[in-house]
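The values are calculated or read from the model by the stated rules, or taken from the named source; none is laboratory data. Source: prediction; values computed, not measured. Protein only, heavy atoms only, side chains kept; ligands, DNA and RNA dropped before computing areas. Shrake-Rupley method; radii C 1.70, N 1.55, O 1.52, S 1.80 Å.
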Amino acid sequence: MSTIPLADVASAAVMPPAPLLDAAELALLRYAILPGGRRTRLAATGLRPADIKDAGDRACCLVGAATLVQAGALVAAHQLLSADQLEIGQILPRRPTARPAEALVLAVGGHTAEQTAAAMGVTEHTVTAYWRPRELGARTPGQAGYAAIATGLLTLNLIRPSYPDLTLAAYLGGEGPAAPKESA
């Protein structure tokens, strides 16, 4: 089982800009990160069942995250929602053991459960368990990402956006990357 040095993850990481979100988008983010069942989270956020289709994916898109762990970290970094709003309760400033901490570093850095599992030499099921470290008081992966940033366990330079840098020129045929050549 190999581990990824923290310096390698941090070297390419960049903090994406804070998104401008309206009340409905913040409610969707909250719904995706809150613990509990669907009904409990609907009641807590005031959303309707029609509003929550693909909530996790949409929440990640709102903040430019690859995973809910990274979304939670970005919510904390940009102070979009409070720990109280996410029902984290008391965020515990204790450091998780080595393997859960490594899994959180990778997830906050933008790695999916599949990528994290491959890097750590464990199953995806194990990774998702690592993404809920009791040492931080988190009950969901999104809460774990939030708590990791809020406690200072991870620093903001470990967050990278999940989308590539694009320029308008690339779409308009200007000075952007060359278009693929057709084969004869």
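For the range 16-134, give the percent of accessible area contributed by carbon and sulfur heavy atoms, probe 1.4 Å, rounded to a whole number. Show your work: numbers first, answer last.
Numbers: 3010 of 5750 Å².
C and S atoms contribute 52 percent here.
Could you state the accessible area per residue of the range 20-131 in Å², with a 1.4 Å probe and every protein chain left in place? Mind dumping the intermediate values first?
On the way: 5240 Å² over 112 residues.
Here the per-residue accessible area is 47 Å².
Please state, to two decimals, what the Cα-based radius of gyration of the range 45-99 comes to when divided by 2.2 N^0.38 Å (N = residues).
1.32
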From largest accessible area down, sort Tyr31, Tyr130; use a 1.4 Å probe on the protein chains. Tyr130, Tyr31
